[in-house]
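Below is one structure, written out as structure tokens, with a few remarks after it.
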Amino acid sequence: MGWVVIATGCLSATCGHRQSAEMRPEPGLEFIAVTPDTVREVTVSSKRLKLFAYRWTAGGRFQVVLGQPGTPPEQCLSGDGFDRLLTVLARVPVRAEHRRSGHELGREWVDVRLRDASVLEPIDMTIALPGPSGEPVLLAFRDRHYVVDMDAQTLGTMTSGCAALGGGK
């Protein structure tokens with residue numbers, strides 16, 4: 001019996017969706033690219049937001065749990081708003097290296113973890129949300145920052161709770 005090897009290629013800076021220790025984001029390529037249907041867990045954590053969402057099967061709806069300071073926790077089934085958010089988080093095209101530190105700009109940083117159905121490690125990234133002046137979304141990678149093409153309005157729905165992300169109880 002012989003072995004069959006199937007090799008695939010990709011344009012992503014991480015070849016599929018895993019960050020390599022030797023790679024770094026390159027303008028014109030994707031930092032991560034994962035099919036949203038394969039994602040099973042989404043975790044978002046910042047100083048003012050905790051979001052955890054999970055599902056057991058591909059294509060199923062997520063159970064979404066959100067917490068923010070000063071408000072009671074919310075729980076709901078995912079809806080169209082969460083689907084749009086997941087689509088934005090699952091594909092991160094890099095536009096350019098950002099020369100100024102995002103920390104100098106006083107931006108809010110958000111840790112994001114996506115776990116898919118594969119046996120590989122989860123995808124981790126740290127992004128800076130745009131400020132009120134319309135700054136670009138930034139990705140932190142090692143000691144550098146990159147401007148990434150992620151829809152700021154959709155990212156903003158994370159703080160709107162189940163009203164924006166849910167599709168029912």
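Among rounded, prolate and oblate, which fits region 30-165 when a ≥ b ≥ c are the square roots of the eigenvalues of its C-alpha gyration tensor, a/c under 1.5 means rounded, and a/b larger than b/c means prolate?
Judged from the Cα gyration tensor, region 30-165 comes out oblate (a/c at least 1.5, b/c at or above a/b).
Ordered by the count of other Cβ atoms within 10 Å of each Cβ, fewest first, 56, 109 give 56, 109.
Neighbours of residue 86, meaning other residues whose beta-carbon lies under 15 angstrom from its beta-carbon, give a summed charge of +1 when Lys and Arg score +1 and Asp and Glu score -1. Shown for 125, 158: other C-beta atoms within 10 Å of each C-beta, ranked fewest to most, produce the order 125, 158.
Where a number appears in this text, it was derived from the coordinates with a stated rule and is not lab data. Predicted, not measured: the structure shown is a model, and the values here were computed from it. Positions of Cβ are generated from backbone atoms using ideal geometry, with glycine treated the same way; all protein chains shown enter the neighbour counts.
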